[in-house]
Amino acid sequence: MTDNNKTNHNNQINTQLQQHLQQLLTDLQLDDAPAGGAVVVYQAGKCIAQVSTGLARLDMSWQPDTLAINFSTGKGILATLVHVLVSQQMLDYDTPIAQYWPAFAAQGKGELTLRNVMSHQANLFSIQSIEVDSEALLDWEYMIKTVAEMPITAPDHAELYDSAYSALVYGWVLGGVIETVTELSLAEALHRYLTEPLGIADSCYFGVPTSKVNQVAKLAKDFESSNEDNSQLRSKRQKPTLKVDSQSVLHAYENLPSYSCWQQQALANMKSADIGQADEQTSLPVLDTAYINRLYFDTSKLNLKNYKAALIPVGKQAIDYHSRETLQAVIPAANGVASAQALATIYAMLASGGEWQGQTLIDSTTFEQLSTPQVSGLDAVMPAAMHWRLGYHRRFDICQNEANETADVSKQGFGHMGYNGSVAWCDPERQLSLAFVHNFDATMLNDIRQFVLTESVLSMIDAAL
């Protein structure tokens with residue numbers, strides 16, 4: 001194939017991917033319109049698709065550069081900043097954190113390292129082990145001091161698990177270390193060492209600037225809210241809407257490209273468990289949201305005590321992460337705000353082994369360490385084997401050959417998802433990255449959109465190779 005023919009072929013594939021993702025994202029609005037989202041895909045350092053649908057705010061359509069709160073998807077940004085600092089020899093994965101931050105040595109934490117924390121093996125997962133309420137979570141300096149003094153807490157039935165996901169505490173630990181070694185605020189360090197070199201400094205934050213807060217996507221149920229500064233909004237409980245799948249949703253699922261794969265996987269699971277004495281004549285099941293989600297997260301393995309300890313502070317009132325005050329606070333494990341374009345750029349750099357437009361942000365030795373799985377068994381908080389790297393979990397896909405039980409896990413893609421089902425990941429083998437952000441009122445345990453998009457992009461890319 002000549003260079004011109006190859007270019008034309010690649011352009012044709014990219015056009016098909018763009019069209020397919022646009023239709024898919026529109027279809028995935030399901031019954032939740034006018035809410036929507038954006039997807040951006042990079043390959044070999046170039047943006048090959050960017051699509052969006054729906055409304056981000058009552059007067060603002062979704063775009064690839066729309067800002068959105070992405071919950072724990074921001075942990076991948078924080079981890080990447082740490083890796084840049086390791087590459088610059090400002091940090092080391094195996095040096096005790098207390099050597100950088102002496103106060104952190106309190107209550108037996110003197111030997112804990114970044115490797116322990118970033119692979120979720122430090123037993124610093126329980127937000128309930130410290131006395132904080134929704135007010136305290138917004139106070140950065142108070143939380144840094146409190147986390148430095150917190151105890152190590154083993155998860156319930158610790159013998160069953162290889163890791164315990166630190167859903168909230170993680171951010172203050174890494175943030176405290178970053179500020180100590182850089183002698184900068186977390187926002188300044190993020191800007192200097194990561195977002196400014198990548199050209200995304202205006203679209204990636206821990207603590208949204210006042211000038212940007214009215215540009216962050218809202219939940220559709222809050223579109224009509226005119227007084228975002230009302231103190232009641234700060235602490236009102238924002239539970240996602242739980243609803244039964246309509247017939248139109250079930251029909252939309254049946255038309256998804258990964259539906260037949262899910263059916264085959266569900267049937268295999270039935271036969272493996274001998275449910276109803278399934279045999280070769282067993283018909284393919286009709287799959288709803290809960291069933292499909294369980295193919296990725298086995299909620300029967302969810303330890304509710306550990307889950308609550310990691311995610312729910314003891315205080316009586318839950319925090320409203322979409323309120324103005326919370327968006328402007330610094331809670332790096334949970335309130336990262338970024339656009340799909342910014343997230344995809346960060347992971348495009350990782351997909352290229354730490355290189356970006358002639359710059360080396362992460363050297364090859366550091367990259368090999370950050371991308372190597374540290375654990376393989378079940379997590380105490382998340383109902384799955386997460387295969388934690390240093391700050392990233394495995395990519396969740398089940399329809400590609402590489403995702404089978406005998407696959408080399410070290411060669412699979414990795415990234416981080418958020419509580420609401422947003423996600424960003426990279427695949428160094430394919431030089432591929434994807435980011436999906438949205439304002440659907442959902443969680444990663446009752447939604448399937450990130451899985452649909454991941455499976456579809458991998459399928460199309462592999463078919464084109």
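Worth pointing out:
- The criterion of at least 3 residues that are in contact with a Pro (Cβ under 9 Å, 6 or more places away or on another chain) is met by the following strands (runs of 3 or more DSSP E) wholly inside segment 1-83: 37-43, 46-53.
- Where a residue in segment 430-446 is within 14 Å of GLY415 (Cα to Cα) and free of Cβ contacts under 8 Å to residues at least 24 places away in the same chain and its partner, wherever it lies, is surrounded by fewer than 23 Cβ atoms within 10 Å (Cβ to Cβ) and among the aromatic types (Phe, Trp, Tyr), with Cβ under 8 Å and at least six apart: none
- Counted residues, segment 360-381 - those being buried (at least 17 other Cβ atoms within 10 Å of the Cβ) and among the hydroxyl-bearing types (Ser, Thr, Tyr): 2
- Filtering GLY391, GLY353 for residues that are in a loop (DSSP other than H, G, I, E, B), over 19 Å from ALA167 (Cα atoms), at pLDDT 95 or above and not basic (Lys, Arg) leaves a single hit, GLY353.
- A single member of SER211, SER166 is surrounded by 20 or more Cβ atoms within 10 Å (Cβ to Cβ) and modelled with pLDDT of 95 or more, and it is SER166.
- Considering segment 407-445, and only residues there that are out of contact with any helix residue (DSSP H, G or I) (no Cβ under 8 Å at 6 or more places or on another chain) and outside any loop (DSSP other than H, G, I, E, B), the residue that is nearest to MET118 (Cα to Cα) turns out to be PHE414.
- Being surrounded by fewer than 16 Cβ atoms within 10 Å (Cβ to Cβ) and more than 28 Å from VAL244 (Cβ to Cβ) is a property that THR26 lacks.
- Of GLY110, GLY176, all but one fail to be assigned by TED's automatic domain parsing to the domain that holds ASP320 and surrounded by fewer than 20 Cβ atoms within 10 Å (Cβ to Cβ); the exception is GLY110.
- Checking ASP397, ASP408 one by one, the residue that is at pLDDT below 95 and either within 23 Å of MET460 (Cβ to Cβ) or in contact with a Phe, Trp or Tyr (Cβ under 9 Å, 6 or more places away or on another chain) (or both) is ASP408 and no other.
- With respect to the conditions (1) closer than 30 Å to GLN264 by Cβ; (2) in contact with a Leu (Cβ under 9 Å, 6 or more places away or on another chain); (3) buried (at least 19 other Cβ atoms within 10 Å of the Cβ), VAL337 lacks only one, and its number is (1).
- Among the conditions (1) within 24 Å of the chain's Cα centre (by Cα); (2) surrounded by fewer than 18 Cβ atoms within 10 Å (Cβ to Cβ), the only one that HIS83 does not satisfy is (2).
- Residue, surrounded by the most Cβ atoms within 10 Å (Cβ to Cβ), within segment 38-62, restricted to residues that are within 19 Å of the chain's Cα centre (by Cα) and of a type in the set (Ser, Thr, Tyr): TYR42
- Apart from one condition, VAL314 fits all of (1) at pLDDT 95 or above; (2) of a type in the set (A, V, I, L, M); (3) out of contact with any Cys (no Cβ under 7 Å at 6 or more places or on another chain); the exception is (1).
- Scanning segment 181-203 for residues that are surrounded by fewer than 18 Cβ atoms within 10 Å (Cβ to Cβ), farther than 21 Å from LEU114 by Cβ and in contact (Cβ under 8 Å) with a residue 12 or more places away in the chain turns up PRO197, GLY199.
- Per-region count, segment 357-388, residues within 16 Å of MET118 (Cβ to Cβ) and outside any loop (DSSP other than H, G, I, E, B): 6
- Sole residue being within 21 Å of GLY74 (Cβ to Cβ), in contact (Cβ under 8 Å) with a residue 12 or more places away in the chain, of a type outside the set (Val, Ile, Thr) and surrounded by fewer than 23 Cβ atoms within 10 Å (Cβ to Cβ), chosen from ALA351, ALA384, ALA344: ALA384
- Residue count for segment 147-163 under the criterion of being within 12 Å of ALA122 (Cα to Cα), surrounded by 20 or more Cβ atoms within 10 Å (Cβ to Cβ) and among the small types (Gly, Ala, Ser): the result is 1.
- Among the candidates ASP65, ASP133, the residue that is more than 22 Å from the chain's Cα centre (by Cα) and either among the aromatic types (Phe, Trp, Tyr) or on the phi < 0 side of the Ramachandran plot (or both) is uniquely ASP133.
- Residues of segment 122-180 satisfying the condition of being of a type in the set (Asp, Glu), in contact with a Gly (Cβ under 6 Å, 6 or more places away or on another chain) and outside any loop (DSSP other than H, G, I, E, B): none
- On inspection, GLY76 fails the criterion of being of a type outside the set (A, V, I, L, M, F, W, C), more than 27 Å from VAL337 (Cβ to Cβ) and either buried (at least 18 other Cβ atoms within 10 Å of the Cβ) or free of Cβ contacts under 8 Å to residues at least 60 places away in the same chain (or both).
- Where LYS75 falls short, out of the listed (1) touching a His at 6+ places or on another chain (Cβ under 7 Å); (2) over 19 Å from CYS204 (Cα atoms): (2)
The values are calculated or read from the model by the stated rules, or taken from the named source; none is laboratory data. Every value quoted in this text rests on a predicted model; they were computed, and no experiment measured them. Positions of Cβ are generated from backbone atoms using ideal geometry, with glycine treated the same way; all protein chains shown enter the neighbour counts.
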